[in-house]
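A.B. asks: Got a structure for you, questions after.
The values are calculated or read from the model by the stated rules, or taken from the named source; none is laboratory data. Keep in mind that what you see is a predicted model, and the values were worked out from it rather than measured. In this analysis, Cβ positions are derived from the backbone assuming ideal geometry, glycine residues included, and neighbour counts consider all displayed protein chains.
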Amino acid sequence: MLMRFLSLVTCIALTASIAHSQNYEGGELSSKIIKGKTFLVISEKTQRQHTFDSVKIHRYFAFCYSGKNISIYSQATKQLVASNIRAYHKLSLFHSNYQLLKANKVIWLNINGEMLEKNPNEKVNREICGTVLSFEQRLFKQRDSSFLKIITKDVPGEVIRDITLNLTPLFGSNYISFLNNSRELLYDENTEFDKELDNLTFLERTADGKQNIVRLDTTGQAVAKIILLNAIDSRYGINNKANFKEFQPFIFMQNNLYGYYPMNKKARYQFLNPINQCFARFMLTDGRKGWLAVDGKEYLD
């Protein structure tokens with residue numbers, strides 16, 4: 001894990017270095033605080049600057065907050081590229097494009113500062129850093145016992161981890177599957193971002209017909225089962241394209257209402273659309289509509 005972490009840090013640094021050489025011209029945007037006011041410094045030579053409540057400097061852009069509105073300046077052109085933005089998110093560290101919420105519409109912003117109506121379908125390949133791992137996870141039964149086999153391979157296909165866990169002490173005779181209802185998962189880091197094997201999530205069906213979403217924690221000396229959601233309805237869905245920390249967000253139902261885990265711990269929406277990378281459209285029981293972001297914040301129309 002330490003070597004993988006160091007490799008990941010190297011990869012991020014390399015990516016940042018490449019982006020820096022391609023997009024930073026004439027110095028970077030910066031911010032400074034004078035007498036309690038935050039200034040975005042456009043040019044040190046001309047002292048051209050603007051005042052905001054706060055400023056966050058990112059690799060390609062500066063995000064400037066004034067009340068509930070966000071203005072976005074390009075690092076490359078030093079120009080304002082978007083204003084009156086309510087929220088912004090990025091799919092992962094390895095993505096460059098941002099998804100923005102402007103008024104009640106979701107749009108995209110690429111590294112060139114262009115506003116896009118449709119998802120640019122950015123492809124991310126970590127092979128440049130040599131850190132791409134592939135994973136195989138299989139649930140199987142042997143006599144009356146349940147097991148999980150985990151195989152991790154590096155880029156050349158060499159097996160670097162091969163373990164088998166006995167899940168019977170944790171689940172007994174309950175039927176378990178992955179969240180896509182399968183008993184087998186095959187993926188790599190270019191298709192399933194930031195999915196760590198130390199945080200495995202399962203669907204557990206109990207003898208009384210209820211369903212639980214559980215996480216298998218292998219970080220301690222003994223494997224532990226942590227219940228994330230219990231007694232959910234049979235209908236639920238999964239979005240395999242978005243990520244939120246170590247979990248893949250998924251829709252669940254409770255008492256005929258919908259929720260998105262891990263943003264919601266209880267179902268609260270009359271309807272909830274599949275998440276579109278970083279935002280999901282919802283309607284509350286009182287009829288109000290809005291957007292749910294991957295950080296759990298709601299933005300009402």
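A.B. asks: If you scan the range 255-274, which residues turn out to be more than 15 Å from Gly287 (Cα to Cα) and among the basic types (Lys, Arg)?
C.D. replies: Matches in the range 255-274: Lys265, Lys266.
A.B. asks: Quick check on my filter: what residues within the range 177-214 are at pLDDT 70 or above and out of contact with any strand residue (DSSP E or B) (no Cβ under 8 Å at 6 or more places or on another chain)?
C.D. replies: Within the range 177-214, Ser182, Ala207, Asp208, Gly209 qualify.
A.B. asks: State whether the residues of the range 112-134 include one that is closer than 30 Å to Ser173 by Cβ and either in contact with a Leu (Cβ under 7 Å, 6 or more places away or on another chain) or at pLDDT below 85 (or both). Before you say what the answer is, go through the steps one by one.
C.D. replies: Start the filter on the range 112-134 by keeping residues that are closer than 30 Å to Ser173 by Cβ, which leaves none.
For the range 112-134, residues closer than 30 Å to Ser173 by Cβ and either in contact with a Leu (Cβ under 7 Å, 6 or more places away or on another chain) or at pLDDT below 85 (or both): absent.
A.B. asks: Would you please name the residue that is surrounded by the most Cβ atoms within 10 Å (Cβ to Cβ), looking only at residues in the range 146-183 that are in a helix (DSSP H, G or I) and without any contact (Cβ under 8 Å) to a residue 40 or more places away in the chain? Please lay out each step first, then the result.
C.D. replies: Just the residues of the range 146-183 that are in a helix (DSSP H, G or I), to begin with: 168-171.
Checking which are without any contact (Cβ under 8 Å) to a residue 40 or more places away in the chain leaves us with 168-169.
Numbers: Thr168: 16, Pro169: 11.
Only one residue fits best here, namely Thr168.
A.B. asks: Can you tell me which of Asn230, Asn243, Asn264 is modelled with pLDDT of 85 or more and among the polar types (S, T, N, Q)?
C.D. replies: Unique residue meeting the criteria: Asn264.
A.B. asks: Scanning the range 60-102 for residues that are closer than 21 Å to Val294 by Cα and in contact with a His (Cβ under 9 Å, 6 or more places away or on another chain), which turns out surrounded by the fewest Cβ atoms within 10 Å (Cβ to Cβ)?
C.D. replies: Going through the qualifying residues, I end up with Lys90.
A.B. asks: Among the residues of the range 135-145, count how many are surrounded by fewer than 17 Cβ atoms within 10 Å (Cβ to Cβ) and in contact (Cβ under 8 Å) with a residue 12 or more places away in the chain. Walk me through it before giving the result.
C.D. replies: First, pick out the residues of the range 135-145 that are surrounded by fewer than 17 Cβ atoms within 10 Å (Cβ to Cβ): 136, 138, 140-145.
Of the ones still in play, those that are also in contact (Cβ under 8 Å) with a residue 12 or more places away in the chain are 136, 138, 140, 144-145.
So the count comes out to 5.
A.B. asks: I need every pair where a residue in the range 206-226 that is over 16 Å from Asn166 (Cα atoms) has its Cβ under 9 Å from the Cβ of a residue that is among the β-branched types (Val, Ile, Thr) and outside any strand (DSSP E or B), sequence separation at least 6 or different chains.
C.D. replies: Pairs found: Asn212/Thr206.
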